[in-house]
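The structure appears below as structure tokens.
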Amino acid sequence: MNIPANLKYTKDHEWVAIEGDTATIGITDFAQRELGDIVYVEVETLDQTLDKDEVFGTVEAVKTVSDLFLPLSGEIIEFNEGLETEPELVNQDPYGAGWMIKVKISNEAEIESLLSESQYKELIGA
């Protein structure tokens, strides 16, 4: 299972890459394996400012639909439009081409609440 050390993680199985005041967010390799074949990613919160832990979208797999929770408060400034036609990118490359949104972080103190690689491995028993 792939759990890159340079990323932060959430208990809801999302990963966060922070560059300056922007966070790129997707779901982890563990999450995409648990969900199975992803057939649709919906994000209707583009250009909205949401609080940490609010639902920013959903991911639909063959068997289930799961909410996506925002790991950091901020404005959703970009959606990976490639997922509209190729949602399977989340399965194929969850940390690369399968990223979901970019957020302009409004409260950098919240970064401290994210999990490190080792904490996330402990959470999932890896």
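The values are calculated or read from the model by the stated rules, or taken from the named source; none is laboratory data. Predicted, not measured: the structure shown is a model, and the values here were computed from it. Cβ: placed from backbone, ideal geometry, glycine included. Neighbour counts: every protein chain shown. What goes into the accessible areas is simple: the full protein's heavy atoms, side chains included, and nothing from ligands, DNA or RNA. Shrake-Rupley method; radii C 1.70, N 1.55, O 1.52, S 1.80 Å.
Is there a residue being closer than 23 Å to L123 by Cβ, open to solvent by less than 30 Å² (accessible area, probe 1.4 Å) and of a type outside the set (F, W, Y) anywhere in the range 45-52? Scanning the range 45-52 turns up no residue that is closer than 23 Å to L123 by Cβ, open to solvent by less than 30 Å² (accessible area, probe 1.4 Å) and of a type outside the set (F, W, Y). Kindly establish whether K63 is in a helix (DSSP H, G or I), among the basic types (K, R) and open to solvent by 30 Å² or more (accessible area, probe 1.4 Å). When the stated conditions are applied, K63 does not pass them. Inspection of the range 81-94 finds no residue satisfying the criterion of being under 15 Å from K11 (Cβ atoms), surrounded by 15 or more Cβ atoms within 10 Å (Cβ to Cβ), within 12 Å of the chain's Cα centre (by Cα) and not charged (D, E, K, R).
Looking at the range 13-22, is at least one residue outside any strand (DSSP E or B), at negative phi and surrounded by 15 or more Cβ atoms within 10 Å (Cβ to Cβ)? I'd like the intermediate steps shown before the answer.
The first filter runs over the range 13-22 and keeps only residues outside any strand (DSSP E or B), leaving 13, 20-21.
Right, trim to at negative phi and you get 21.
Filter once more, so that each one left must be surrounded by 15 or more Cβ atoms within 10 Å (Cβ to Cβ): none.
Among the residues of the range 13-22, not one is outside any strand (DSSP E or B), at negative phi and surrounded by 15 or more Cβ atoms within 10 Å (Cβ to Cβ), which makes the answer no.
Pick out, from the range 72-125, the helices (runs of 4 or more DSSP H) lying fully within it that include 1 or more residues that are acidic (D, E) and either more than 22 Å from V62 (Cα to Cα) or touching a Lys or Arg at 6+ places or on another chain (Cβ under 9 Å) (or both). Reasoning before the result, please.
Numbers: elements: 82-85, 89-92, 117-124.
Ranges flagged: 117-124.
Given the structure, is K104 modelled with pLDDT under 95 and among the charged types (D, E, K, R)? Don't jump to the end; show me each part of the working.
Working: modelled with pLDDT under 95: no; among the charged types (D, E, K, R): yes.
Criteria not met by K104.
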